[in-house]
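What follows draws every value from the coordinates through simple rules; no lab data is involved. Since this is a predicted model, take the numbers as computed values, not measurements. We place every Cβ from the backbone using ideal geometry, glycine too, and count neighbours over all the protein chains shown.
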Amino acid sequence: MNKSCQGQKDTVTADVVVFGHTHFASSYIGGSGKEKLFINSESWVGEDEVIDGLDRYSNTFVYIDEAQAHILRWNDGEVESVETL
């Protein structure tokens, strides 16, 4: 973590934090104090593959509406759900 941000790491006031990574789509509730929903959107680049028995998708993104958050993927011109939170 960047030293200039280290002292502020638990001060984000958002209810939802979205980040991208190159492994697996996932989500969890955490944070110190007020709980936050953290969403890993997985990866837009790469190929679909199975790693240690788990599906790793490409072309994934997060959509948040008034009621819930969704991890979705673009698959051959169609949008499909990976996870609804």
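Things worth noting here:
- Restricting segment 19-85 to trypsin sites (Lys or Arg not before Pro) in coil, as DSSP defines it, with at most 15 other Cβ within 10 Å: Lys34
- Given their separation in residues at 0.36 nm each and the Cα-Cα distance between them, Phe19 and Glu66 gain 15.0 nm when the chain is fully extended.
- Point-to-point label distance, Phe38-Ser26, nm (Cα→Cβ direction, 7 Å offset): 0.9 nm
- Translational diffusion of segment 13-84 was estimated from the Stokes-Einstein equation, with Rh taken as the Kirkwood radius over Cα pairs; at 10 °C and 1.306 mPa s the coefficient is 124 µm²/s.
- Label zone at Asp48 (point 7 Å along Cα-to-Cβ), backbone N below 15 Å, segment 63-85: 72-83
- Here is the list for segment 42-85: GluC sites (Glu not before Pro) lying in DSSP coil, each with at most 12 other C-beta atoms within 10 angstrom of its C-beta, are Glu47, Glu66.
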